[in-house]
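Down below is the structure, laid out as structure tokens.
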Amino acid sequence: TTTACTGLCSNGLCEEERTNFIPPSSLYLEANKFFSFYFPFANFNRSLSVLFSNFSDGTSFFRFRNNSYQSTSYSFGEFSNELTLAPFEGILITSSQNRTLLLNGTSYLTSPPLSLYGGFNLVGIGACASNYTARTILEELSLLSPNCSLIQQPNTYGGPIEYWSTNSSLNRTGLKRDFKIYLYEPFFIQCRENTSLIWQPSCISPDVLLP
């Protein structure tokens, strides 16, 4: 049977179900589901085998960089290939069995600047993530540059992909909604080709972001 959410449902998860990350040291994976996650820790370009531990066979990771996914899987005690992650760079994770991954790192207490490039950037915001929605991220980015016009959830195969865009002519599959931003959950920012900018989240409440 299917149980209705008591609150907001987004990308296949009820708001009350967003407890997979158990601060400050573990991430619970339910078998055969995809989870999106970003590492909010002060580790720079570290390999997955350093950032995580307690792996099990059948755990796969998908990093999005340079407008494409790169993947690796853990089996027989090793990765098929090594991937690195930068702080606040998003990743998709799936496991063939229930598993709790252990996280290794020192958590940021702030929201450091994010580097954004042309195409899709899978990133997350630091400590003040809950201050934002998709709309207010674009509003804040517009004060820096007009080049970024789409915020979108990654596809975790759990429900319709939600997005928000300032491009009125955009014809996109999914649900256009000003979705909430959650700590530890990454999102895509799409920017025009040849974009290269650094965004420092202001962490101002969305209610007072713009007049």
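The values are calculated or read from the model by the stated rules, or taken from the named source; none is laboratory data. Just so we're clear, the structure is a prediction, and the values are computed from it rather than from any experiment. Here the Cβ is made from the backbone with ideal geometry for all residues, glycine too, and neighbour counts use every protein chain on show. SASA here: full protein model, heavy atoms, side chains in, ligands and nucleic acids out. Shrake-Rupley method; radii C 1.70, N 1.55, O 1.52, S 1.80 Å.
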Difference of contour (0.36 nm per residue) and Cα-Cα distance, Lys33 to Asn194: 54.5 nm
Probe 1.4 Å, accessible area per residue of region 61-104, Å²: 48 Å²
Extension reserve of the Lys176-Ala127 stretch, reckoned as 0.36 nm per residue once the Cα distance is removed: 15.1 nm
Sites Ser71 and Ile204, calculated FRET efficiency, Cβ-Cβ separation with R0 41 Å, nearest 0.05: 0.65
Difference of contour (0.36 nm per residue) and Cα-Cα distance, Thr100 to Thr84: 3.7 nm
Prolate/oblate/rounded label for region 36-139 (Cα gyration tensor, a/c 1.5): prolate
Relative packing of peptides 148-160, 121-133 - highest average C-beta neighbours within 10 Å first: 121-133, 148-160
Debye-sum result for region 99-206 in log10 I(q)/I(0), which assumes one identical scatterer on each alpha carbon, at q = 0.15, 0.21, 0.23 Å⁻¹: -0.64, -1.20, -1.39
